[in-house]
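Contents: one structure, followed by commentary.
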Amino acid sequence: MTDLFLQFKEKLIELYYLSSALAVLHWDREVNMPKKGVLARAQTTAALAGVLHEKLLSIKPFLLPLKSNLDDGKLDEEASIIVREVWREFEKAEKLSTDFVKELARVTSEAHATWAEARTKSDFAKFAPHLHKIVELKREEAKLLGYKDSPYNALLDTFEPYATAEEMSITLEELKDFLIPFIQKIKNSSVKVDRNILKGEFPIEEQVKFNRFVAEKMGYDLGAGRIDVSTHPFTIQFHPQDVRFTTRYDKADVFPALMATIHEAGHALYEQGILVENFGTPFGESISLGIHESQSRSWENLIGRSKPFWTYLYPELQKEFPEPFAETSLDNFYRALNCVEPSFIRVEADEVTYNLHIILRFEIEKELVEGSIEVDDLPKIWNDKFKEYFGLEVPDDSLGVLQDVHWSGGSIGYFPTYTLGNLYSAQFYSASKRDIPDLEEQIAKGEFTDFLQWLRKNIHIHGKLYTARDLVMNVTGEPLKSKYFIDYLKKKYSEIYKL
Ligand code: MG
């Protein structure tokens, strides 16, 4: 390795340590900070973000010669990937002027506040001018970054590197063609599932204990992490040895917290599985939001809502919370946990209808950025699509187009990564069952080590060594297909709903 490369790597590692400090501030804001600290914290964050931005630009004298070495094929494989990935980030940062970034931050922070108010009052007209401005800026951003075919590609690439809108459209269209009639079949089924049997009274301290127990059982290392409470559950990493997540408790229902814990622990296991020696380089980073989400969804849905998992965990749950579970059979419990019902709010949706929520958003935001629809028409477009896909009339915009925070924060191109996560997870899971033939017997005994080791070996330890596309190919032998997820839903829900 050349001196230049080593110096460059040192600079990178310093940059990562600094961004960890920013991440700690973010975690603290969501978990600990008193209300009155908001403004000062925003200033601290902005100041540190400025320092980081300058630091990133200061690697240019190291990066430029390495980039020409890369183009001339003079770097070994490891250095090539590091330089390629850092260059991508650097180029993006350089293409967006400081003025543009500041303007976007200003517009989105105002938009966020107005959106929150507009949502409470279900008043889209109030939010519309802000969204209009955001869409304009995002179109501008796409232009500055450069793109092929659709400006949406430039935005999608921020969240799911190397993915394209065209591929997404094909995959999601296939999924949609399956989901709409399948959900209709479930609706018409004679099997009626009552989710209310899961409700009861669950003291928070006991829930906390149970959540910790489950996370540790999955393999989450509490010596290198913490579980706290926040309004919206999230996972955050400062280093592979300090990966934290949050959940939220409901006294009347044990599942919002538990499923959030299983989901976030899935994210956290990915970050704890990154090799410490790779910290500070792209090999110490996750591949994409879609791959990250595949980890959380594998644990939350494929494992955490499965019969084998509850064969193991249900007796533990019954022991901890005899009221209301002692009298409920595992079969009834399992059905209730997997109740499918079209509803208005994405974050409350079951795993079948969930993806239709995403498809609807993807179609709308793509057209919005491409300019084939306009902001003022969104409520009507949203409600018409909702009626078509879910068979439900949206009663007001707070249950419709205003429900999600993403667009108000300028996150356009983010939504599809949720469904990508589901698709990746099903394809990976199928490969893991091929490699571990008795996987489901293990899970039914509460043994998760082999599965976690499989994820570690095949996904976690690589960091960004592979792109998402190559990883899926390497691990499963095929490119990403919606087939695996569709087959999974078909099998599971045909059984539950006797279709
Ligand atoms: Mg997630």
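General remarks:
- Within region 19-35, being at pLDDT 90 or above and more than 24 Å from the chain's Cα centre (by Cα) holds for Met33, Pro34.
- Only one entry of Ser109, Ser80 meets the criterion of being within 26 Å of Asn153 (Cβ to Cβ) and not assigned by TED's automatic domain parsing to the domain that holds Gln237, and that entry is Ser80.
- Of the residues making up region 44-59, none is buried (at least 16 other Cβ atoms within 10 Å of the Cβ), in a helix (DSSP H, G or I), at pLDDT 95 or above and at negative phi.
- Of residues in region 211-236 being among the hydrophobic types (A, V, I, L, M, F, W, C) and closer than 24 Å to Met33 by Cα, the one nearest to the ligand (Cβ to nearest atom): Phe234
- Taking the listed residues Ala40, Ala79, the one that is free of Cβ contacts under 8 Å to residues at least 60 places away in the same chain and out of contact with any Leu (no Cβ under 7 Å at 6 or more places or on another chain) is Ala40, with no other qualifying.
- Candidate set from region 402-420 (those that are surrounded by fewer than 24 Cβ atoms within 10 Å (Cβ to Cβ) and not polar (S, T, N, Q)); member that is nearest to the ligand (Cβ to nearest atom): Tyr418
- Single match in Val101, Val38 (criterion: of a type in the set (Val, Ile, Thr), loosely packed, with under 12 Cβ neighbours inside 10 Å and at pLDDT below 95): Val38
- Flag: Glu323 matches the condition of being surrounded by fewer than 21 Cβ atoms within 10 Å (Cβ to Cβ), more than 16 Å from the ligand (Cβ to nearest atom), of a type outside the set (S, T, N, Q) and in the same structural domain as Ala468 (by TED's automatic domain parsing).
- Pair list, Cβ < 6 Å and 6+ apart or interchain, from region 411-431 residues that are over 19 Å from Ile443 (Cβ atoms) and among the small types (Gly, Ala, Ser) to residues that are more than 13 Å from the ligand (Cβ to nearest atom) and assigned to a helix (DSSP H, G or I): Gly413/Leu155; Gly413/Leu156
- Boolean, Ala260 is in contact (Cβ under 8 Å) with a residue 40 or more places away in the chain and within 16 Å of the ligand (Cβ to nearest atom): no
- Taking (1) crowded, with 24+ Cβ neighbours inside 10 Å; (2) out of contact with any Asp or Glu (no Cβ under 9 Å at 6 or more places or on another chain) in turn, Ile303 satisfies each apart from (1).
- Residue count for region 270-302 under the criterion of being under 16 Å from Phe485 (Cβ atoms) and either away from the ligand (no atom under 15 Å from the Cβ) or among the small types (Gly, Ala, Ser) (or both): the result is 4.
- Checklist (1) closer than 28 Å to Glu30 by Cα; (2) more than 18 Å from the chain's Cα centre (by Cα) applied to Val193, failing item: (1)
- Scanning region 461-485 for residues that are among the aliphatic types (A, V, I, L, M) and either crowded, with 16+ Cβ neighbours inside 10 Å or in a loop (DSSP other than H, G, I, E, B) (or both) gives Leu465, Ala468, Leu471, Val472, Val475, Leu480.
- All conditions in (1) under 19 Å from the mean Cα position of the chain (by Cα); (2) loosely packed, with under 15 Cβ neighbours inside 10 Å hold for Ala257, with the sole exception of (2).
- The lone criterion from (1) within 13 Å of the ligand (Cβ to nearest atom); (2) surrounded by 15 or more Cβ atoms within 10 Å (Cβ to Cβ) left unmet by His239 is number (1).
- Members of region 124-156 found to be out of contact with any helix residue (DSSP H, G or I) (no Cβ under 8 Å at 6 or more places or on another chain) and under 17 Å from Ser109 (Cα atoms), listed by number: Pro129, Glu136
- Subset of region 433-447 (residues that are surrounded by fewer than 20 Cβ atoms within 10 Å (Cβ to Cβ) and in contact with a helix residue (DSSP H, G or I) (Cβ under 8 Å, 6 or more places away or on another chain)): Lys433, Asp435, Ile436, Glu440, Glu441, Gln442, Ala444, Lys445, Gly446
- Condition met for Arg248 (over 27 Å from Gln442 (Cα atoms) and either within 11 Å of the ligand (Cβ to nearest atom) or free of Cβ contacts under 8 Å to residues at least 40 places away in the same chain (or both)): yes
- Residue within region 140-156 that is buried (at least 17 other Cβ atoms within 10 Å of the Cβ) and closer than 19 Å to Leu423 by Cα present: yes
The values are calculated or read from the model by the stated rules, or taken from the named source; none is laboratory data. Given the structure is predicted, the values throughout are model-derived calculations rather than measurements. Here the Cβ is made from the backbone with ideal geometry for all residues, glycine too, and neighbour counts use every protein chain on show.
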